[in-house]
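Below: one structure, written as structure tokens.
The values are calculated or read from the model by the stated rules, or taken from the named source; none is laboratory data. Predicted model, so just to flag it, every value in this text is computed and none were measured. Don't worry about glycine lacking a Cβ; one is built from the backbone with ideal geometry, like all the others, and counts go over all protein chains shown. Note: areas computed on protein heavy atoms with side chains; ligands, DNA, RNA excluded. Shrake-Rupley method; radii C 1.70, N 1.55, O 1.52, S 1.80 Å.
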Amino acid sequence: MPVVLLVVAYLLGTFPSATLIARANGVDISTVGSGNPGASNVTRALGWRKGVWVYVLDALKGAIATGLALGLDGRPLAYWCGAAAIVGHMFPLFRRFKGGKGAAAGSGVLLVLHPIIVPFALALWWIVAKVTGKAAVGTIAAVTLVPVGLAALGRPAWEYFAIGALSVLILAKHWRNFVRIIKREEPAMRSVR
């Protein structure tokens, strides 16, 4: 059963939310902006309403995978399945392993496992993104906050390390953003519509 759930979680993570929404609006998201199939790039290309839809769908991938495992087998497998959904989103088998960056899917995982942290992470994301004009900077700040928030909750050490590992994975997928931020080439969050 655990192996089946992990495979299901990974496949769920591969659902191409951004690609489908962009394509439905006549846009190939891989050729626009950063080329990343994620909510921020869709927002820049198609406006914030479409970006919100992508975010919600990507978060649902992480939440469903995690919630299913949590209900059937408990927290350890829920973490593994959440991670599998994030990896599926980042490295989708059916799109030559070229996926998103995992932040939205990760927020869905967090919503199931530690819902109290989510409003603080989203608020920090919004404030930092608004002040800097860069969605990636907001994402980096929010992802960095998550392990700190978990430590404050006094959860078991293994959960802290699991969340820390997922946070590092998501931050690592943002390495191009780090480079662009340093070079002052990171695109603004402003949408064209």
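Computing Rg and the Kirkwood Rh from the Cα coordinates of the chain gives a ratio, Rg/Rh, of 0.96.
Of the solvent-accessible surface of the chain, computed with a 1.4 Å probe and all protein chains present, 71% belongs to carbon and sulfur.
Of the listed residues Ile163, Ile64, Ile21, the order by accessible area with a 1.4 Å probe, largest first, is Ile64, Ile21, Ile163. Convex hull volume per residue, computed on the Cα atoms of region 1-64, equals 73 Å³. Computed from backbone phi with θ = phi - 60° and the Karplus coefficients 6.51, -1.76 and 1.60, the 3J(HN,Hα) list for region 166-178 is 5, 5, 4, 4, 5, 5, 4, 5, 8, 4, 5, 5, 4 Hz; x is used for glycine and proline. Here the Karplus curve 6.51 cos²θ - 1.76 cosθ + 1.60, taken at θ = phi - 60°, turns the phi angles of region 62-74 into couplings of x, 5, 5, 4, 6, x, 4, 5, 4, x, 8, 9, x Hz, with x standing for Gly and Pro.
For region 50-123, what does the convex hull of the Cα positions come to per residue, in cubic angstrom?
Hull volume normalised by residue count: 83 Å³.
Taking the Cβ-Cβ separation of Ala157 and Ile182 as r and a Förster radius of 45 Å, what is the calculated FRET efficiency to the nearest 0.05? Once the sixth-power term is evaluated, E becomes 0.85. Spatially close Lys pairs in the chain, defined by Cα atoms under 21 Å apart and a spacing of eight or more places or different chains, total 17. Once the 1.4 Å probe is applied to the protein heavy atoms, the chain comes out at 52 Å² accessible per residue.
Ordering Ile86, Leu70, Gly100 by Cα displacement along the dipole of region 42-106 toward the positive end leaves Gly100 in first place; charges were set at the Cβ atoms of Lys, Arg (+1) and Asp, Glu (-1). Using the rule -39500 (n - 2.57) for each DSSP H run of four or more residues, divided by the residues of the chain, the 222 nm mean residue ellipticity is -23500 deg cm²/dmol. Charge tally around Gly108: other residues with Cβ under 10 Å, Lys/Arg +1 each, Asp/Glu -1 each, net 0. For the chain, relative contact order (Cα pairs under 8 Å, six or more residues apart, normalised by length) works out to 23 percent. A simple spin-label model places the labels of Phe97 and Val3 2.2 nm from each other, with each point 7 Å out along Cα-to-Cβ. Across all directions, the shadow cast by the convex hull of region 81-128 built on its C-alpha atoms averages 3.6 square nanometres. Normalised by residue count, region 81-193 yields a Cα convex hull volume of 122 Å³ per residue.
If R₀ is 25 angstrom, what is the calculated FRET efficiency for the pair Val131 and Val32, using the beta carbon separation as r and rounding to 0.05?
Using R0 = 25 Å, I get an efficiency of 0.50.
Say R0 is 41 Å: what FRET efficiency, to the nearest 0.05, do Thr144 and Ala24 get from their beta-carbon distance? For R0 = 41 Å, the calculated efficiency reads 0.75.
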